[in-house]
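The values are calculated or read from the model by the stated rules, or taken from the named source; none is laboratory data. On a predicted model such as this, the values are computed, not experimentally measured, just so you know. Cβ placement follows ideal geometry from the backbone for every residue including glycine, while neighbour counts extend to all protein chains displayed. Ligands, DNA and RNA are stripped out before the accessible areas are found, and what is left, the full protein with its side chains, is counted by its heavy atoms. Shrake-Rupley method; radii C 1.70, N 1.55, O 1.52, S 1.80 Å.
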Amino acid sequence: QQQVKQSPQSLIVQKGGISIINCAYENTAFDYFPWYQQFPGKGPALLIAIRPDVSEKKEGRFTISFNKSAKQFSLHIMDSQPGDSATYFCAARGWNYQLIWGAGTKLIIKP
Amino acid sequence: DVKVTQSSRYLVKRTGEKVFLECVQDMDHENMFWYRQDPGLGLRLIYFSYDVKMKEKGDIPEGYSVSREKKERFSLILESASTNQTSMYLCASSLLSGGGGGGQEQYFGPGTRLTVT
């Protein structure tokens, strides 16, 4: 119940395409859903986050879609660029305010 | 800008050695965290601390201990390193634990890649 399942494990997208990464959770008590971006040799950094009372949040080319009834949320990267190549982690905040992390998705944008 | 620094980027230790990983944050954050990152497993919480001298076990505390004597510094200790502790170790800090407002963003250091031989 404390798990966050992330897919796919890796993703290759052409430059200019849409990258989509999905996450699913079981615990309905989760109340905050961030996405983190990690470049090689760096720690993860917060990219965008959403609360469960909102179905979509957009920041530039990055959008979180949230489906509360299905207990799923996804990250969409529009007009994907080579500089977006990174590992992306979804997470969910649990009862003790700690983050439960997905396994990560390695995204490669081909020029 | 928040800065979280970790004492080493790469570390090689022998089985049975005592290992200290140090983390320092410069933004007066209340909370500090130690994670380990392994391919396909995401980030797993080892320990966290919400105040000086306070610590809580995370999901995988076995084989690890922590120390927080000053607000800005959080140390991870491997009492007797083993090969299954070979991993990337990430330290993070955040302003607040929860609540409806902001402050829950976690800021990460660059990581320490530890190899135990």
**OP:** Leaving ligands, DNA and RNA out of it, work out the accessible area of residue B:47 with a 1.4 Å probe and give it in Å² to the nearest 10.
**Re:** 20
Original post:
So which GluC sites (Glu not before Pro) in the stretch B:1-56 are both in a DSSP loop and have at most 15 other Cβ atoms within 10 Å of their Cβ?
Top reply: B:17
Subject >> Derived scalar couplings ³J(HN,Hα) [the stretch B:79-93; Karplus, 6.51 cos²θ - 1.76 cosθ + 1.60; whole Hz; x for Gly, Pro] >> reply: 4, 8, 4, 10, 4, 6, 9, 5, 5, 8, 10, 10, 9, 9, 9
Subject >> Residue of B:63, B:40, B:16 that the Gaussian network model of chain B assigns the largest fluctuation, springs spanning Cα pairs under 10 Å >> reply: B:40
**OP:** Work through the residues other than residue A:76 whose Cβ is under 13 Å from its Cβ and net out their charges, Lys, Arg +1 and Asp, Glu -1.
**Re:** -1
Original post:
Any idea what the relative contact order of the stretch A:4-110 is, in percent, if you count C-alpha pairs under 8 Å spaced at least 6 apart?
Top reply: 38
**OP:** Count the net charge of all other residues whose Cβ sits under 10 Å from the Cβ of residue A:61, scoring Lys and Arg as +1 and Asp and Glu as -1.
**Re:** -2
**OP:** Find how many whole Å separate the alpha carbon centroid of the stretch A:7-58 from the alpha carbon centroid of the stretch B:1-54.
**Re:** 23
Original post:
To the nearest 10 square angstrom, what accessible area does residue A:30 show with a 1.4 Å probe?
Top reply: 10
